[in-house]
Structure formats: structure tokens, C-alpha cells
Amino acid sequence: MMTFARRFTAYSVLGLAAFLGGGALLVFMLFLYIGPLKLVDLGLAESTSLLFDACLCLAFFVQHSVMIRRSVRQRLAGVIPAQYDIALFAIVSGVVLMMLIVFWQESAYTITAPQGIVRWLLRGVFFLSLAFFAWGWRALGVFDPFGLIPILDHMRGTKRPPSPLIARGPYRWVRHPLYISLILMIWSFPDLTADRLLFNVLFTAFCIIGTVLEERDLAASFGEAYLDYKTRVPMLIPYRVPGPHTDGSVMRS
């Protein structure tokens, strides 16, 4: 039987993870589609503004890449209860991502802004990529990026078995459909300003580096099964027709 204090803590972390993690993701998708929200204008010079934006990106990259690593999470396990591990990551990531969105400085320099059919095609790419992202999310089965399930299981006194490795849906085409969907959404914004180009390049590099780092964790978790999966399915670009359906387990991204 959980005490009132522990139950209050559990519900508080649940709420913060869902609100900050989920809310930041929704606002980020809006940011990708309509561009900077122009919430705070710091009045910086062009070069200073771009440097400031780069620092915002770097802050998110460092926080996200460090906290999600297997070795770091193992160290945190000695400090915080295991059931709050993913939720804490979602909360901190949500805060840092919202800071990026709120304080992002728009450049006055426009590189290109296509109109007509090209603009509509780019908008179409965004929604197709969003649909592919949703397909990848659903293919994972019980996908819990905000860490809600471990907390609920702890409150109920239950424990779920480790997630298996599933090669189904978009995971038969690429090993990281969520990452490639995000990259396509990033580059589908038609108005390419200097700050948007900076954002696109940095976030694309972040996604590619993220796949490489995550592959190490997945190989450590699933061993030969994942190494075999790597030989059959491309990482990001679906240049190969998938073979027969394979049952098993699925990766996180």
C-alpha cells in the first residue's frame, strides 16, 4: 500500500511528464509546420541571433543525447526510483524544447520562399511524413515516450516484461522511421530563412547522430537479434524492398 506522499509524488510526476513532454511535442510539431512562433524578440543583430539559436539547439541536443543514453540512465537509477526514469527525461526534455521554441529568434534574411505547386508539394510532404511518423509510433505497440506506464505499473504493483524486438509496419522498411519522418518534416517547411536553414542542418545532424548512438544501445539490449535485423533493413533511407514479415521486438525510434 502506497503512502499518501508517494502516491502524490507519483501523480505529480505523471502529470508533469504528460503535460510538459506531450505538450512540448505538440508545440514542436506546430513549430515545424508554421515556423517560429515569434513569442520573444530579443532585438539581437543577425549574426548574434543565429549564434543564440545555435546555442538553443545545442542545449537541447546535449540534454537529450546525454539523458537518453543507457549508461547515464543506469547511473540515475542509483539516485531516483527506477519508475521515474523515463518520466524525468520527458519532463526535462519538454522544458528544454519549450525554451528553444519560445526564445527562437527569426532571421530577416530569406534564402528562398517557393510559391504555387512547389509550396503545396512541400506542405504535402509534411503531412505524409506526419502520417509515416504516426504509423511508426503505432507499429511500436505500447509506445510510452513520456514514461507513464512504469509509474502506473509501480502504483498497481505490477511489472511488464521487457519490450521485444518487432520488425513490422514501417520498421520493415527502415530501422528508424520516426527519425526519417522528423527529418522530412523539418525540410518540408517552404520558407527557408537563415535561421530555418541553421535549424534544419543542426537538427538533421542531431537525428543522424542520434540513430548511431541509439543503435549501440539497441545492439546491447537485443544482441544478435538486432545485429541480424541491421543486415536486412536500412537505417533511414528505404532503398531496399523488405523481405518476408518477421515477428519479434521493436526499437524505440
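The values are calculated or read from the model by the stated rules, or taken from the named source; none is laboratory data. Quick caveat: nothing in here was measured; it's all calculated off a predicted structure. Neighbour counts run over all protein chains shown; Cβ positions are idealised from the backbone, glycine included.
Tabulated data
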| read-out | value |
| --- | --- |
| First in the stretch 110-130 and touching a residue at least 12 places away in the same chain (Cβ under 8 Å) and of a type outside the set (A, V, I, L, M, F, W, C), second anywhere and surrounded by 14 or more Cβ atoms within 10 Å (Cβ to Cβ) and part of a helix (DSSP H, G or I), Cβ under 7 Å, 6 or more apart | Ser129/Ser181; Ser129/Leu184; Ser129/Met185 |
| Filter result for Thr193 (in contact (Cβ under 8 Å) with a residue 12 or more places away in the chain and in contact with a helix residue (DSSP H, G or I) (Cβ under 7 Å, 6 or more places away or on another chain)) | no |
| Residue check for Leu182: in contact with a helix residue (DSSP H, G or I) (Cβ under 8 Å, 6 or more places away or on another chain), within 30 Å of Pro150 (Cβ to Cβ) and either surrounded by 16 or more Cβ atoms within 10 Å (Cβ to Cβ) or of a type in the set (D, E, K, R) (or both) | yes |
| Residue check, Phe199 assigned to a loop (DSSP other than H, G, I, E, B), modelled with pLDDT of 90 or more, buried (at least 20 other Cβ atoms within 10 Å of the Cβ) and in contact with a Phe, Trp or Tyr (Cβ under 9 Å, 6 or more places away or on another chain) | no |
| Pair list, Cβ < 9 Å and 6+ apart or interchain, from the stretch 147-168 residues that are basic (Lys, Arg) to residues that are part of a strand (DSSP E or B) and loosely packed, with under 14 Cβ neighbours inside 10 Å | Arg168/Asp247 |
| Yes/no for Asp85 being over 24 Å from Trp187 (Cα atoms), in contact (Cβ under 8 Å) with a residue 60 or more places away in the chain, acidic (Asp, Glu) and loosely packed, with under 15 Cβ neighbours inside 10 Å | no |
| Gly136 vs. criteria under 17 Å from Leu25 (Cβ atoms) and modelled with pLDDT under 95 | yes |
